[in-house]
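Asker: Pasting a structure below so you can have a look.
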Amino acid sequence: MKHLITRSLNLVACFYDPFLKLTMDEEKFRQEIIETANLGGDEKILDIGCGTGTLDLMLAETLDSGHIYAIDLAPKMIKVAKKKAQRKGKEIDYRIGSSSSLPYEDNKFEVIFTILLFHHLNFEEKGKTLREISLVLKEDGKYISAEFGQFPDDFFHGILLKFSRFSGVLHGLYPSELIGQNGLFIEKEINGPILGGDHQVIYRVLKKG
Ligand SMILES: C[S@@+](CC[C@H](N)C(=O)[O-])C[C@H]1O[C@@H](n2cnc3c(N)ncnc32)[C@H](O)[C@@H]1O
């Protein structure tokens, strides 16, 4: 775990859920993402960079059959997620691992999610992650992402950009040239909530092709 932001989140994993509750309408945010996916209820789903697994529990409620797999680089995030699933009696396949090297067979998943993952990745990792997604996604599968749009062009974000040059925070958050290069295209884009006062989140539905 080389990036500062990911290392820090790992350390404070037990405060992640209360922090989100305080700072956003999390239920609405996740519900909108699930609606964007338009699930049939029997899919094999992968959540990459799953954090504490709140989305996975909501997805588990909507599935009749199918199965949820989820992976995160931060061991403490996975620990919290596993505990929550156990408490709710949900069987979710949680693993510790990197989006750059997914431990699943090709063409396995009907649906893949990355929710607020890409601002943790440097440019090379973003490319590798999109490549891995296009490998493990079924031919007619869909990939749903939620990520920040461009950060505002102000003093604060200028400083953040300077200091995060090597940390992987801001390499063009979701570079469009990498999408096509890795066998994917954007089918739909919808504006999501504005977080932290000025950070527009964008929901995307991507497909292979
Ligand atoms: C902002 S959190 C979002 C968590 C979750 N998706 C959510 O909606 O709350 C980003 C997550 O991505 C994870 N992460 C960062 N880099 C990763 C990587 N290369 N592979 C997998 N997970 C990663 C972090 O550990 C963190 O849990």
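Asker: Taking the conditions exactly as written (in contact with a strand residue (DSSP E or B) (Cβ under 7 Å, 6 or more places away or on another chain), surrounded by fewer than 23 Cβ atoms within 10 Å (Cβ to Cβ), more than 18 Å from VAL136 (Cα to Cα) and not hydroxyl-bearing (Ser, Thr, Tyr)), does ALA60 satisfy them or not?
Answerer: On the way: in contact with a strand residue (DSSP E or B) (Cβ under 7 Å, 6 or more places away or on another chain): yes; surrounded by fewer than 23 Cβ atoms within 10 Å (Cβ to Cβ): yes; more than 18 Å from VAL136 (Cα to Cα): yes; not hydroxyl-bearing (Ser, Thr, Tyr): yes.
It is true that ALA60 is in contact with a strand residue (DSSP E or B) (Cβ under 7 Å, 6 or more places away or on another chain), surrounded by fewer than 23 Cβ atoms within 10 Å (Cβ to Cβ), more than 18 Å from VAL136 (Cα to Cα) and not hydroxyl-bearing (Ser, Thr, Tyr).
Asker: Among the listed residues LYS142, LYS138, LYS108, LYS126, identify the single one that is among the basic types (Lys, Arg), away from the ligand (no atom under 12 Å from the Cβ) and either closer than 21 Å to ARG30 by Cβ or buried (at least 19 other Cβ atoms within 10 Å of the Cβ) (or both).
Answerer: Every option except LYS142 fails the conditions.
Asker: Considering only strands (runs of 3 or more DSSP E) fully contained in the range 1-106, which possess at least 2 residues that are touching a residue at least 40 places away in the same chain (Cβ under 8 Å)? Lay out the reasoning, then the answer.
Answerer: On the way: elements: 44-48, 67-72, 92-96.
Because the criterion is at least 2 residues that are touching a residue at least 40 places away in the same chain (Cβ under 8 Å), the strands (runs of 3 or more DSSP E) in the range 1-106 that meet it are 44-48.
Asker: Scanning for something surrounded by 13 or more Cβ atoms within 10 Å (Cβ to Cβ), aliphatic (A, V, I, L, M), under 25 Å from PHE148 (Cβ atoms) and away from the ligand (no atom under 14 Å from the Cβ), does the range 31-48 turn up at least one residue?
Answerer: Yes: one or more hits.
Asker: Quick check on the range 4-16. Is at least one of its residues in contact with an Asp or Glu (Cβ under 9 Å, 6 or more places away or on another chain) and more than 8 Å from the ligand (Cβ to nearest atom)?
Answerer: No, the range 4-16 has no match at all.
Asker: Please state which one of LEU135, LEU102 is aliphatic (A, V, I, L, M) and more than 26 Å from GLU61 (Cα to Cα).
Answerer: LEU135
Asker: Restricting attention to the range 145-158, which residues are crowded, with 18+ Cβ neighbours inside 10 Å, over 10 Å from the mean Cα position of the chain (by Cα) and either modelled with pLDDT of 90 or more or under 30 Å from GLY40 (Cα atoms) (or both)?
Answerer: PHE148
The values are calculated or read from the model by the stated rules, or taken from the named source; none is laboratory data. From a predicted model like this one, the values you see are computed outputs, not experimental measurements. Neighbour counts are summed over all protein chains in view; Cβ atoms, including those assigned to glycine, are modelled from backbone coordinates with ideal geometry.
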